[in-house]
1. Can you run down the residue pairs with Cβ atoms below 9 Å, 6 or more apart or on separate chains, where the first is in region 1-21 and under 22 Å from Lys83 (Cβ atoms) and the partner is outside any helix (DSSP H, G or I) and not charged (D, E, K, R)?
2. Is it the case that region 123-141 has a residue that's under 18 Å from the mean Cα position of the chain (by Cα) and either open to solvent by 40 Å² or more (accessible area, probe 1.4 Å) or without any contact (Cβ under 8 Å) to a residue 24 or more places away in the chain (or both)?
3. With respect to Gln8, determine if the residue is open to solvent by 90 Å² or more (accessible area, probe 1.4 Å), at pLDDT below 75 and in a helix (DSSP H, G or I).
4. Across region 63-72, which residue is surrounded by the fewest Cβ atoms within 10 Å (Cβ to Cβ) among those that are within 11 Å of the chain's Cα centre (by Cα) and touching a residue at least 40 places away in the same chain (Cβ under 8 Å)?
5. Give the residues of region 1-57 that are β-branched (Val, Ile, Thr) and farther than 24 Å from Gly75 by Cβ, sorted by residue number.
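The values are calculated or read from the model by the stated rules, or taken from the named source; none is laboratory data. The shown structure was predicted, so the numbers you read here are calculated from the model rather than taken from an experiment. Neighbour counts run over all protein chains shown; Cβ positions are idealised from the backbone, glycine included. Heads up: the accessible areas ignore ligands, DNA and RNA and are worked out on the full protein's heavy atoms, side chains in. Shrake-Rupley method; radii C 1.70, N 1.55, O 1.52, S 1.80 Å.
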Amino acid sequence: MTPAEQGQIFDFGAVCYSDAISLIINAIALGPAIVGLTIVIQLLQIKTWREPKAIQLLCCMIIVLAVAVSIIMQGIIVFTQIKLSIQKEITNPPSSLIISGDIEEFLDKIITLVSDFVICWRAWVLLPQDKLLRFALAIIMMCNIGVTIADFSVDVDSGSSAVLDWLAITLSLLVNMTATVWKARRACYLGS
């Protein structure tokens, strides 16, 4: 075996190891998500049922389903890559593998957007009288949705765009920070 072949086998093993560890970590993360959904369902049974609780349950269910399907897709991708690489060297991956990767990435974007929506929605409900902050939060969230959709479509069509990736992360962080500051402001307002 030549040193080049040894290097290629080592690189393949490192990628398989990294992908398998990532899959295990993501699968472990599903446990707390299911526990959280169970807690939400139990809390919904205790109190009276209204529209905010339905929205909360729907968002939790979307997140748990998206995480579960994302883990399944990631597992399919990892095991398909390992199987194909063991059988022969891959120069062009099959379209089913590419589509599976796109579905997994789409689900990751959905998880982020639904999580950001929940944070915005809670801040929106907690402070209904502050119209300026509500308007700002709505604009930031709409920008977050637009940039996330653009980032996903660019990733699928022509590969990754570092600018859109960073912009999507920044807007998601801005949504979270704005809502958190808003909720902290309300807590200080009620505390004084």
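1. What qualifies is Ile9/Met1.
2. no
3. Working: open to solvent by 90 Å² or more (accessible area, probe 1.4 Å): yes; at pLDDT below 75: yes; in a helix (DSSP H, G or I): yes.
Considered against the rule, which asks whether it is open to solvent by 90 Å² or more (accessible area, probe 1.4 Å), at pLDDT below 75 and in a helix (DSSP H, G or I), Gln8 comes out as yes.
4. Filtering first and then ranking leaves Ile63.
5. Selection gives Thr2, Ile39, Val40, Ile41, Ile46, Thr48, Ile55.
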